[in-house]
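The values are calculated or read from the model by the stated rules, or taken from the named source; none is laboratory data. This structure is a prediction, so every number in the text was calculated from the model and none was measured. All Cβ positions, even for glycine, are placed from backbone atoms using ideal geometry, and neighbour counts span all protein chains on display.
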Amino acid sequence: MFACAAVSAWLFVGCAKTPPEQALRQTLAELQQGIEARDADAIEAALAEDFVGPDGLDKTGARRLAALMLMRHDAVGLVLGPLDVEVREPHATVRFTAAAAGGSGRLLPDSAQVYEVETGWRMEGDEWRMTSADWKPKL
């Protein structure tokens, strides 16, 4: 009897689904880590096939832009401000401020900018994928 109860409890915990907002925040944290690790593949993996960015930027263009920026700088830093997350399953919108810096790895960055960012997301299976992004320099 105890074994059945233990197995049932284990199955229930194993089947527990991460809440959508928490999963989205985790996806953004992983994306941030990918950017800082200079991993263009991690950036591309977060994008939906129908991704649209500024000036008609598509998924392929976004990957190329990311690769160019990552090749340009030996060190990349990204600090995200508080996330304003609105979930309306299966979609979500996330707004935040991002401070981006790139350089040669010395003490001071070669370039830095703060952006206002708005991203759109869609749940695909069990994963969030970015469907849109728009950013504007804040400074």
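Name the residues in segment 12-36 that are small (Gly, Ala, Ser) and either at pLDDT 90 or above or within 15 Å of Trp121 (Cβ to Cβ) (or both), would you? Those that are small (Gly, Ala, Ser) and either at pLDDT 90 or above or within 15 Å of Trp121 (Cβ to Cβ) (or both): Ala23, Ala29, Gly34. Leu65 fulfils the conditions (1) within 18 Å of Asp134 (Cβ to Cβ); (2) without any contact (Cβ under 8 Å) to a residue 12 or more places away in the chain; (3) exposed (fewer than 12 other Cβ atoms within 10 Å of the Cβ) except for a single criterion, (3).
Of all residues in segment 28-63, count the ones that are in a loop (DSSP other than H, G, I, E, B) and either touching a Lys or Arg at 6+ places or on another chain (Cβ under 8 Å) or of a type in the set (D, E, K, R) (or both). First the steps, then the outcome.
Step one: of segment 28-63, the residues in a loop (DSSP other than H, G, I, E, B) are 37-39, 53, 57-58.
Still in the list and also either touching a Lys or Arg at 6+ places or on another chain (Cβ under 8 Å) or of a type in the set (D, E, K, R) (or both): 38-39, 58.
Qualifying residue count for the region: 3.
Whether any residue in segment 99-118 is among the aliphatic types (A, V, I, L, M), within 25 Å of Pro20 (Cα to Cα) and out of contact with any Ser or Thr (no Cβ under 9 Å at 6 or more places or on another chain) is what I want to check.
No: segment 99-118 contains no residue that is among the aliphatic types (A, V, I, L, M), within 25 Å of Pro20 (Cα to Cα) and out of contact with any Ser or Thr (no Cβ under 9 Å at 6 or more places or on another chain).
Restricting Pro82, Pro90 to residues that are loosely packed, with under 14 Cβ neighbours inside 10 Å, under 15 Å from the mean Cα position of the chain (by Cα) and under 24 Å from Pro20 (Cα atoms) narrows the list to Pro82. Would you check if there is a residue in segment 32-39 being over 30 Å from Lys17 (Cβ atoms), crowded, with 17+ Cβ neighbours inside 10 Å and in contact with a helix residue (DSSP H, G or I) (Cβ under 6 Å, 6 or more places away or on another chain)? For segment 32-39, residues over 30 Å from Lys17 (Cβ atoms), crowded, with 17+ Cβ neighbours inside 10 Å and in contact with a helix residue (DSSP H, G or I) (Cβ under 6 Å, 6 or more places away or on another chain): present.
Within segment 87-135, can you find the residues that are polar (S, T, N, Q), farther than 20 Å from Glu44 by Cβ and at pLDDT 95 or above?
Start the filter on segment 87-135 by keeping residues that are polar (S, T, N, Q), which leaves 93, 97, 104, 111, 113, 119, 131-132.
From what is left, the residues that are farther than 20 Å from Glu44 by Cβ are 93, 97, 104, 111, 113.
Within segment 87-135, Thr93, Thr97 qualify.
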